[in-house]
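Each remark here refers to the structure printed beneath this line.
The values are calculated or read from the model by the stated rules, or taken from the named source; none is laboratory data. None of these values were measured; they are calculated from a predicted model. In this analysis, Cβ positions are derived from the backbone assuming ideal geometry, glycine residues included, and neighbour counts consider all displayed protein chains. To get the accessible areas, we keep the full protein, side chains included, count just its heavy atoms, and leave off ligands, DNA and RNA. Shrake-Rupley method; radii C 1.70, N 1.55, O 1.52, S 1.80 Å.
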Amino acid sequence: MILQIETATTSCSVALAKDGHVLGFRQIDQRNIHAEVITLFIDELITGAGIQYNNLDAIAVSSGPGSYTGLRIGVSTAKGLCFALDKPLIAVETLEAMAYGVINHHEFILDDNTLLCPMIDARRMEVFTAVFNAKGDRIKPTRAEIIDENSFEELLENNKILFFGDGAEKCRTALGANANARFLPGFANSATYLTQKAFEKFKNSEFENVGYFEPYYLKDFIAGKAK
């Protein structure tokens, strides 16, 4: 029984999964509301499932990259539960979870020639991104990238690429002229997308050090000036 937490993007989402199958989830896609609702969502799931917190076997969290504030809220909540309940912590990289969200979605039929490119908005024309194949294998590493018309040029020559996530739409102008570029509108991140990797890591005992674990920010935090 794994409690899964996703707060790396505008979506604040919590899911409860047993043996790799989602039992229920709560989710809202809205900025700056994560701290208000995350513990309420967790308690609603636990109560609704008719279990106690101690019945959980692990806590999984979307580890980034993504929103600095969102990541801190999600990771601190997960670590607090792990400390209080003496349960292991599982970290799933956010972009990888997003890719599995598309791979495991029955509406999408992906062929071997289709690559997946999740994108998280990092302001202006920069995104946090990586590239995966239709099986979830990583093709390009996670990095912060400024997108222009030459981005992904080599991959787009011989592959269709499906771009999705809250950073993808702003890249349509730069990339949309390529016939192999596809865009998936309205994609909202979800804690349910952590399920496959979280269950795999649980079975393999791939746990984090609760005391020292930090979110995967990818870039240093730079505070803006108050207006």
Qualifying position, being of a type in the set (A, V, I, L, M) and out of contact with any Cys (no Cβ under 9 Å at 6 or more places or on another chain), among ILE51, ILE28, ILE38 | ILE51
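Got at least one residue in the stretch 203-217 being open to solvent by less than 60 Å² (accessible area, probe 1.4 Å), touching a strand residue (DSSP E or B) at 6+ places or on another chain (Cβ under 9 Å), among the aliphatic types (A, V, I, L, M) and in a helix (DSSP H, G or I)? Give the steps one after another, and end with the answer.
Let us first name the residues in the stretch 203-217 that are open to solvent by less than 60 Å² (accessible area, probe 1.4 Å), namely 210-211, 213, 215, 217.
Subset that is touching a strand residue (DSSP E or B) at 6+ places or on another chain (Cβ under 9 Å): 210, 213, 215.
Subset that is among the aliphatic types (A, V, I, L, M): 210.
Going one step further and asking which of them are in a helix (DSSP H, G or I), we end up with none.
No, every residue in the stretch 203-217 fails to be open to solvent by less than 60 Å² (accessible area, probe 1.4 Å), touching a strand residue (DSSP E or B) at 6+ places or on another chain (Cβ under 9 Å), among the aliphatic types (A, V, I, L, M) and in a helix (DSSP H, G or I).
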Hey, among the residues in the stretch 14-57 that are touching a residue at least 40 places away in the same chain (Cβ under 8 Å) and crowded, with 22+ Cβ neighbours inside 10 Å, which one's nearest to SER205 (Cα to Cα)?
-> ALA17
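Yes or no, residue by residue, for (1) out of contact with any Leu (no Cβ under 6 Å at 6 or more places or on another chain); (2) open to solvent by 30 Å² or more (accessible area, probe 1.4 Å):
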| position | (1), (2) |
| --- | --- |
| THR142 | no, no |
| GLU145 | yes, no |
| GLU149 | yes, yes |
| GLU153 | yes, yes |
| GLY167 | yes, no |
Any pair with Cβ under 9 angstrom, 6 or more apart, that starts in the stretch 70-83 at a residue that is closer than 12 Å to TYR216 by Cβ and ends at one that is among the hydrophobic types (A, V, I, L, M, F, W, C) and in a helix (DSSP H, G or I) | GLY74/ILE38
Working only within the stretch 67-94, note down all residues that are among the aliphatic types (A, V, I, L, M), buried (at least 18 other Cβ atoms within 10 Å of the Cβ) and closer than 19 Å to PHE202 by Cα.
-> VAL75, ALA78, LEU81, LEU89, ILE90, ALA91, VAL92
